[in-house]
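Input: a single structure, listed below in structure tokens.
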Amino acid sequence: MIRTELRKAILLRVAAAVVGLAVCAIGFLALDYAAGKLNLYDDETVYRIRDPRFHHTFAPMYSTKRAHWGGAFYEMYTNNLGFRDASTRIVDKVPSRHRVVFLGDSFAEGMGLPWQETFVGRFAALNPDIEVLNGAVGSYSPLLYLEKTKWLLDQGYQFDELIVYIDISDIADDGIVYERMPDGSIDRHADMCPYGYVAEIDAGAHPIPVVAVVKRKLAPALPATYLLYRMLSAGSFKPGPPTYHPGFLRGMWTVRADLPCYGDGGVAGAIAKTTQNMDALATLLKAHGIALSVGVYPWPEQLVYDSEESLQVRLWREWCAKAGCRRFFNHFPDLFAHAQAEDTWSDMYIQGDLHFNALGSRLIAERLSREYR
């Protein structure tokens, strides 16, 4: 009898503890959700909007000082074209001076940095006689570069040169993520396999697409919960995001050709799709008498596992020679030299992320401006 009563008492205490923990967890999540709704920073869905022609873009004439990325706040302004800019302004269709348009993804957009610290913003400051327009948006790829250029020309905007910064992730994006639909619109597939790591593939695991999607949605909805998750996954309760660990599938195609998740044609097939879209872009620009230049830069993956003569460099240098590019900006030497001299690559990127910080951006801008002249 005594043992039975003791067992019941223990079970009741355990049940009470479980219920108490559950109530605390629910309360924490509720408070976290309420804090997220206070809009302490701008949810990216406010200014990153859907577009029927090139899938997504920035809301035009938008301004905020509370854009958020990489643990920091920064200012964000767009002009009437929905292009990131130094301020909200109306862009004339016919320029009064030499006009250069930049296209690229989040690296060229300058995610996490104020305009003046992005490499496009720095280039504009170093070249005040040139009007600079930055049409880069996070997660763009050559298929979207092509569509945005067509749209800009269709709207009657004139420019002298297009500089395309081709990101390492463009191969995966054109290979399996984006697809042109029969009605001409661009669809983005939900397959997020390239968001896994090479180590997972080598271990026989398959990255679960749902995990990447949940992480993306969790940050704005439950900011404190997401921060706690990041700290636990990093094994550290120090403030700030964890260190970035190279080995991202999306960044490793320059090192290994046997990676999955690049479509039926593998890495080679994804490269072929990407170069076909760039071929179409080059043809379009030639028809309008507009010069084309291309720039490339490494991710941490290239600095850790690859060489200065990466496949990314060889691929686009050779493509440029055939396509008749005006310039080819190769930023691999500068970043490799810095990594070797300082015995680290991480001081060029936002902590816990693979996007350039102010230093990395400056290194890109210096060569860009020097070779542009």
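FYI, it's all coordinate maths here, none of it is from the lab. What you are looking at is a predicted structure, and each value in this text was computed from that prediction instead of being measured. Heads up, the Cβs are rebuilt from the backbone with ideal geometry, glycines too, and the neighbour counts pull from every protein chain shown.
Here are the numbers for the structure shown:
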item	result
Packing-based order for 153-162, 287-296, 102-111, using average beta carbon neighbours within 10 Å, highest first	102-111, 287-296, 153-162
Residue-by-residue Karplus 3J(HN,Hα) for the range 111-126, coefficients 6.51, -1.76, 1.60, Hz, glycine and proline x	4, x, 10, x, 3, 5, 9, 6, 6, 6, x, 5, 4, 4, 5, 7
P(r) of the range 51-141 over all Cα-Cα pairs, binned every 10 Å from zero, in whole percent	17, 52, 28, 3
Hz values of 3J(HN,Hα) by residue in the range 72-83 - Karplus curve (6.51, -1.76, 1.60), Gly and Pro given as x	9, 9, 8, 7, 9, 10, 10, 8, 5, 7, x, 9
Average projected area [Cα convex hull, the range 145-190], square nanometres	4.2
Length gained when the stretch residue 181-residue 317 is fully extended (0.36 nm per residue, less Cα-Cα span)	45.9 nm
Extension gain from residue 257 to residue 151, taking 0.36 nm per residue of separation minus the Cα-Cα distance	34.7 nm
Residues whose placed amide H lies under 5 Å from that of residue 197, excluding near-sequence neighbours	249
Convex hull of Cα atoms in the range 247-373, direction-averaged projection (nm²)	8.6
